[in-house]
Amino acid sequence: MIFWRRFFGTVILLLMFASCSEPKDVKSFQAMNTFMTVQSFGKDSEKANQAVMEKILELENQISTTKESSLIYKLNSSNGQSVSFDDDTYALVKFGVLMGIMTDGALNIALYPVISAWGFTNENYRVPSDEEIASLLKKTDFTKIHFETDFENEPSAQKIRLEDGMMIDLGAIGKGYGGDLAAEILKENGINCALIDFGGNIQAVGTKIDGSDWNIGIKNPWMKGGTEAGGSGTVGGAVAGVKIRDQAVITSGGYERFFADETGHKYIHIFDGKVGRPVESGIASVTIISTSGLYADALSTALFVMGTEKACEFWKTYKNFEMIILTDDEEIFYTDGLENKISFHYDFKNQHVIRK
């Protein structure tokens, strides 16, 4: 399965496209609560893009938390009963649990009850009491997601069961997985030059037509008085650019979705699962560059939750991805594998290279 082949392999990202002589098709559509665009080059680009759209809509119908026909909705409404899953969605949920273990809970796909209480699922924002949060946290232990098989009686059946009161949400990994699926479909249709934008999750297939790298800009997350703070020289206020080929560039940022209380205190949509509250880690955004969109999507959230110091320690342990951290103090941290691939378009207060 694509999932297992790619396992280990919105700040809004701004794209700088090259002109291409190959036939070009651009497909845009709405899915997973975001606007998606696939731009591909090749004689079968229109057919390939259509196949991508159909696959992503199919994926959405399996993992949506709001569509009553989806597997995730059925699981969340199952009252502790087992629900049968197809291979890919079963593996995706298992991936979420494994990443939860790998990141010591920094990624937690079982936080839906807490996130819902804060209003991030329906935009009815509120600050729950400490007592309510404490009660809901008892329902967010991702290690209590049970994977069940019955090889003797139903060898092809794969079921998932949640303990009563638990609910899951694959929003932190769904678009990344979709990007991997899209890239695979494009390649299967002979497309070797494409750029996928799933709501700011960027995934490149191959290189530009001329063989050069794609250049992806990282948007300025520091807003002052309704305008972008500092920096100039790039369209849309990109503070840095990174060159990639056949990779995903995925960013999580605190400015993507948030609300403020009556005192003006801002609460972002990324949660610390250990305390049941929006993260305040000192990070403005985390960008992950990886050959796997799924892995990058999961890590962009998890490392944001960890904070800069622990995120750097995590990278030094695994070293199978590249990372850019922008802090609230307008500093930038980036891994040494990007030294010849990153460009700067902002007067950062400090620049730090993370070395092995």
Can you pull out every residue in segment 187-204 that is more than 18 Å from the chain's Cα centre (by Cα) and open to solvent by less than 10 Å² (accessible area, probe 1.4 Å)?
ILE191, CYS193, ALA194
Given the conditions (1) in a loop (DSSP other than H, G, I, E, B); (2) farther than 23 Å from LEU303 by Cβ, which single one is not true for THR149?
(1)
Just give me the residues in segment 52-68 being assigned to a helix (DSSP H, G or I) and within 19 Å of PHE85 (Cβ to Cβ), in sequence order.
LYS55, ILE56, LEU57, GLU58, LEU59, GLU60, ASN61, GLN62, ILE63
Assess whether ILE72 counts as being touching a Gly at 6+ places or on another chain (Cβ under 8 Å), in a helix (DSSP H, G or I) and not small (Gly, Ala, Ser).
no
Just give me the residues in segment 91-111 being open to solvent by less than 30 Å² (accessible area, probe 1.4 Å), out of contact with any helix residue (DSSP H, G or I) (no Cβ under 7 Å at 6 or more places or on another chain) and in a helix (DSSP H, G or I), in sequence order.
VAL93, GLY96
Report, by residue number, each residue of segment 25-40 that is open to solvent by 10 Å² or more (accessible area, probe 1.4 Å) and hydrophobic (A, V, I, L, M, F, W, C).
VAL26, PHE29, MET32, PHE35
Here's a check for you: in segment 114-129, which residue that is in a loop (DSSP other than H, G, I, E, B) and touching a Phe, Trp or Tyr at 6+ places or on another chain (Cβ under 8 Å) is most open to solvent (accessible area, probe 1.4 Å)?
ARG126
Residue within segment 169-176 that is closer than 22 Å to SER45 by Cα and open to solvent by less than 30 Å² (accessible area, probe 1.4 Å) present
yes
Check segment 205-224 and report whether any residue there is under 18 Å from MET32 (Cβ atoms) and touching a strand residue (DSSP E or B) at 6+ places or on another chain (Cβ under 9 Å).
no
So for segment 327-338 (the condition being on the phi < 0 side of the Ramachandran plot and touching a Cys at 6+ places or on another chain (Cβ under 8 Å)), does at least one residue qualify?
yes
Residue count, segment 35-67, condition out of contact with any Leu (no Cβ under 6 Å at 6 or more places or on another chain), among the β-branched types (Val, Ile, Thr) and under 19 Å from TYR112 (Cα atoms), comes to 2
Number of the exception - VAL249 against (1) in contact with a Phe, Trp or Tyr (Cβ under 8 Å, 6 or more places away or on another chain); (2) open to solvent by less than 10 Å² (accessible area, probe 1.4 Å):
(1)
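The values are calculated or read from the model by the stated rules, or taken from the named source; none is laboratory data. Note that this is a predicted model, so its numbers are computed, not measured. No Cβ is skipped: glycine too gets one built from the backbone with ideal geometry, and neighbour counts run over all protein chains shown. Surface accessibility is based on the protein's heavy atoms, side chains included, excluding ligands, DNA and RNA. Shrake-Rupley method; radii C 1.70, N 1.55, O 1.52, S 1.80 Å.
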